[in-house]
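Data first, discussion second: the structure below is written as structure tokens.
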Amino acid sequence: MSRVIIVGGGVIGVASAYFLGKAGFQVILLEREPTLGALTTAASLQAVRAQFTDAVNIAMMKESIAFYEDFNRILDLSDHNIGFHQQGYLFVTSEEDAAARMQERVAYQHAHGLPDVEYLQDDELHRRFPYLAPEARAATFRQKDGWLSAHETLDGFRQAARRYDVTIRTRTEVRQLLTRGERVIGVSTAAGEDLEADATLLAAGPFTAQLARTADVDLPLQPVRRHRVVIGEHERIPHWGAMTIDEDTGAHWRPEGPGAALAWAEPEAPSPPRRHVSPDPHFTFRVMEGVYRLNPFWLDVAETLKRDNVFLHAGQYTVTPDHNPVIGPVNERPGLWVISGFSGHGVMAAPASARLLAQLMAGDIAPDGNPYALDRPSLYDGSGEQMVI
Ligand SMILES: Cc1cc2nc3c(=O)[nH]c(=O)nc-3n(C[C@H](O)[C@H](O)[C@H](O)COP(=O)(O)OP(=O)(O)OC[C@H]3O[C@@H](n4cnc5c(N)ncnc54)[C@H](O)[C@@H]3O)c2cc1C
């Protein structure tokens with residue numbers, strides 16, 4: 001049986017541990033923090049959509065959503081609740097040009113496996129979503145998109161992985177990769193322990209490129225800070241609403257229990273990977289102003305908001321040049337594998353991407369059947385998904 005070391009216990013590392021264990025690998029997962037999922041996974045907005053603009057990502061997210069819909073049965077869990085709210089994703093515009101582009105996008109999505117994306121405009125849009133501003137001209141909507149609990153998702157994978165030969169060690173920091181000639185043969189920990197394996201999988205989120213550099217490998221991954229604001233209970237928030245994205249600016253919000261969660265992928269320069277990401281305290285005001293444009297009830301919320309009802313967090317997206325993840329072997333370094341670069345999509349992509357990784361490692365999928373390979377020509381040509389929410 002082959003032995004695999006996974007570095008990183010976020011949602012991607014733990015989902016990978018499950019699929020690799022199920023495929024018959026002996027797995028050791030090493031996580032630096034005292035708890036799993038404490039870094040990027042904990043900062044996520046936890047939203048899940050299949051409304052992508054290219055066939056490869058549509059297929060990946062459809063597979064993941066089907067998995068999430070049937071999570072307990074597939075993982076043989078009872079009494080587990082990932083809190084999957086399929087209240088839809090609504091991309092809204094006030095611009096005529098954008099409305100025309102939306103119609104083309106919906107036609108593409110219908111032709112590529114998403115027949116249930118709706119194009120809504122004018123009266124119908126305002127009848128279905130009366131909280132929108134009169135300026136809202138058109139939108140696309142898919143009911144089966146939504147959000148869930150990333151923490152419960154990770155924990156479900158963890159529980160299911162325990163049925164296989166999977167060992168999870170927290171408080172274990174990997175300092176560097178061990179090499180023998182060209183090969184990566186394992187890792188060395190901060191406690192001075194050397195662990196060897198047939199394959200070493202980097203699932204270290206924003207720290208993935210830094211770890212790869214310890215074996216002289218340059219991965220095209222950059223951490224970029226992103227914010228999230230959670231607002232506690234507020235009566236003016238329509239709790240039945242959709243994940244609502246201002247397509248013209250990118251500002252978005254969604255219900256979160258009796259309150260809401262808001263985010264906005266503002267332009268920001270890449271930064272070094274960080275264990276603690278300091279938020280910009282002004283972000284809360286900017287994002288509320290951002291969502292207010294097409295959702296005017298946010299003015300009422302902002303005017304009556306109490307400071308202790310606002311929770312601001314920041315984390316780091318791990319970004320590739322084409323905004324799609326890298327999954328698979330690092331060919332220049334036999335024994336080294338990577339699953340990272342998920343931008344704002346790692347929670348939604350976890351089931352399908354970890355399943356793909358395990359099948360690649362088991363040899364059940366040929367390398368040329370992997371659209372997320374590190375050596376794909378499109379990685380650097382900017383042709384990938386550009387909606388960075
Ligand atoms: C503000 C924000 C909003 C987001 N919203 C969404 C969303 O709505 N939907 C969505 O799908 N995605 C979203 N994302 C992205 C999503 O959170 C990530 O894609 C996903 O969590 C990545 O998971 P991961 O396991 O790859 O990384 P991480 O969760 O970062 O896990 C990596 C783990 O590796 C560990 N590690 C690092 N270095 C070492 C080391 N040397 N030794 C041992 N362990 C190490 C870390 O401690 C960490 O636990 C959002 C991200 C942010 C920041």
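The values are calculated or read from the model by the stated rules, or taken from the named source; none is laboratory data. The structure displayed is predicted, hence computed values, not measured ones. Methodologically, a virtual Cβ is constructed for each residue, glycine included, from the backbone with ideal geometry; neighbour enumeration extends over all protein chains shown. Remember, those area values only see protein heavy atoms, side chains included, never the ligands or the DNA or RNA. Shrake-Rupley method; radii C 1.70, N 1.55, O 1.52, S 1.80 Å.
Considering Gly341, Gly259, the condition of being surrounded by 17 or more Cβ atoms within 10 Å (Cβ to Cβ) and within 12 Å of the ligand (Cβ to nearest atom) is satisfied by Gly341 alone. Filtering the stretch 313-333 to residues that are more than 19 Å from the chain's Cα centre (by Cα) and either crowded, with 20+ Cβ neighbours inside 10 Å or farther than 19 Å from Gln359 by Cβ (or both) leaves Pro329, Val330, Glu332, Arg333.
Among the residues of the stretch 166-201, those that are open to solvent by less than 30 Å² (accessible area, probe 1.4 Å) and within 9 Å of the ligand (Cβ to nearest atom) comprise Thr172, Val174, Val187, Thr189.
Residue-level analysis places Gly181 outside the set of residues that are of a type outside the set (Lys, Arg) and closer than 21 Å to Gly37 by Cα. Residues of the stretch 291-300 being surrounded by fewer than 22 Cβ atoms within 10 Å (Cβ to Cβ) and touching a residue at least 12 places away in the same chain (Cβ under 8 Å), which ones? Within the stretch 291-300, Arg293, Pro296, Phe297, Asp300 meet the criteria. Set side by side, the residues Ile65, Ile74 differ, and just one is among the β-branched types (Val, Ile, Thr), under 22 Å from Ala47 (Cα atoms), open to solvent by 10 Å² or more (accessible area, probe 1.4 Å) and not assigned by TED's automatic domain parsing to the domain that holds Arg137, which is Ile74.
Residue pairs whose Cβ atoms lie under 7 Å apart, sitting 6 or more positions apart in sequence or on different chains, and linking a residue in the stretch 19-44 that is assigned by TED's automatic domain parsing to the domain that holds Thr200 and on the phi > 0 side of the Ramachandran plot to a partner that is open to solvent by 20 Å² or more (accessible area, probe 1.4 Å) and more than 8 Å from the ligand (Cβ to nearest atom), are Gly24/Met1; Gly37/His151. Of the numbered criteria (1) touching a residue at least 24 places away in the same chain (Cβ under 8 Å); (2) under 23 Å from the mean Cα position of the chain (by Cα); (3) open to solvent by 10 Å² or more (accessible area, probe 1.4 Å); (4) within 30 Å of Arg180 (Cα to Cα), the one Asp218 fails is (1). Looking only at the stretch 98-116, decide whether some residue is touching a residue at least 24 places away in the same chain (Cβ under 8 Å), in a strand (DSSP E or B) and surrounded by 14 or more Cβ atoms within 10 Å (Cβ to Cβ). Checked against the condition, which is being touching a residue at least 24 places away in the same chain (Cβ under 8 Å), in a strand (DSSP E or B) and surrounded by 14 or more Cβ atoms within 10 Å (Cβ to Cβ), the stretch 98-116 yields no hits at all. Take the conditions in the same structural domain as Val330 (by TED's automatic domain parsing) and closer than 27 Å to Glu256 by Cα and apply them to Arg162. Does it pass? No. For the stretch 150-167, a residue qualifies if it is of a type in the set (Phe, Trp, Tyr) and assigned to a helix (DSSP H, G or I), and exactly one does: Phe157. Could you identify the single residue in Ala66, Ala59, Ala15 that is within 14 Å of Val166 (Cβ to Cβ) and more than 7 Å from the ligand (Cβ to nearest atom)? None of the others qualify; the one that does is Ala15. Can we say Leu36 is over 17 Å from the mean Cα position of the chain (by Cα) and either among the aliphatic types (A, V, I, L, M) or open to solvent by 50 Å² or more (accessible area, probe 1.4 Å) (or both)? Answer is no for this residue. Residue-level analysis places Ala242 outside the set of residues that are open to solvent by less than 10 Å² (accessible area, probe 1.4 Å) and over 23 Å from the mean Cα position of the chain (by Cα).
For Ala204, the conditions (1) more than 16 Å from the chain's Cα centre (by Cα); (2) within 27 Å of Glu31 (Cβ to Cβ); (3) open to solvent by less than 60 Å² (accessible area, probe 1.4 Å) all hold with the exception of (1). Residues that are assigned by TED's automatic domain parsing to the domain that holds Phe157, out of contact with any helix residue (DSSP H, G or I) (no Cβ under 7 Å at 6 or more places or on another chain), surrounded by 14 or more Cβ atoms within 10 Å (Cβ to Cβ) and under 30 Å from Leu132 (Cβ atoms) do not occur anywhere in the stretch 358-381. Residues in the stretch 191-215 that are touching a residue at least 24 places away in the same chain (Cβ under 8 Å) and assigned to a loop (DSSP other than H, G, I, E, B) were compared, and the one that is farthest from Asp375 (Cα to Cα) is Ala197. Taking the condition touching a strand residue (DSSP E or B) at 6+ places or on another chain (Cβ under 9 Å) and either in a loop (DSSP other than H, G, I, E, B) or charged (D, E, K, R) (or both), does Pro255 pass? Criteria not met by Pro255.
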